[in-house]
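The numbers here are math on the coordinates, done by the rules we state, and not lab data. Since this is a predicted model, take the numbers as computed values, not measurements. Because the Cβ atoms are built from the backbone with ideal geometry, glycine has one as well, and the counts that use them run over all protein chains shown.
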Amino acid sequence: MKKFLLIVLLILFLIYLVIFCSSNTNYYEYSNHKKVLITNEKIEAFEKDISEGKNVNINDYIKEENKDYSNNVSKIGEYISDNIFKVSNKIVKISYNFISKVIGF
């Protein structure tokens, strides 16, 4: 029974690490960088069309692409990950306070 509990806790911890790491990667920064590049390209196209005297419409240059890949499983995983982070953060703070009182800091 103890081995089974240890295995389950280990699997849950690994799942937590995977979700935590994937949510804190640079994917957000990469997507923002990609948006900047697309925006710069659209500005250049807009300026070129104006200099050529074409009739321009702002809607031709602005296209919003919001793809939401989240589903119930990822939302539950994110929720669990956030709660594990909060609990572990509280445990670390309590442990630090306890150790600092024992040592005398």
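Listed values, structure above:
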| read-out | value |
| --- | --- |
| Loop sites in the range 62-105: trypsin sites (Lys or Arg not before Pro), DSSP, at most 15 other Cβ within 10 Å | K63, K67 |
| Zone of D60's modelled label, taken as backbone nitrogen in the range 37-51 under 15 Å from a point 7 Å along Cα→Cβ | 42-51 |
| CD proxy at 222 nm, helix term only [per DSSP H run n ≥ 4: -39500 (n - 2.57); per residue of the chain; nearest 500] | -27000 deg cm²/dmol |
| Electrostatic dipole magnitude of the chain [Cβ: Lys, Arg +1; Asp, Glu -1; Cα centre; debye, to 20] | 1040 debye |
| Span-rule helices in the chain, defined as complete DSSP H runs reaching 18 Å or more along the axis (Cα) with Kyte mean at least 1.0 | 2-23 |
| Dipole axis of the chain (+1 Lys, Arg; -1 Asp, Glu on Cβ), positive-most option in S51, F4, I15 | F4 |
| Dimensionless Rg ratio for the chain, taking C-alpha atoms and the 2.2 N^0.38 Å reference | 1.90 |
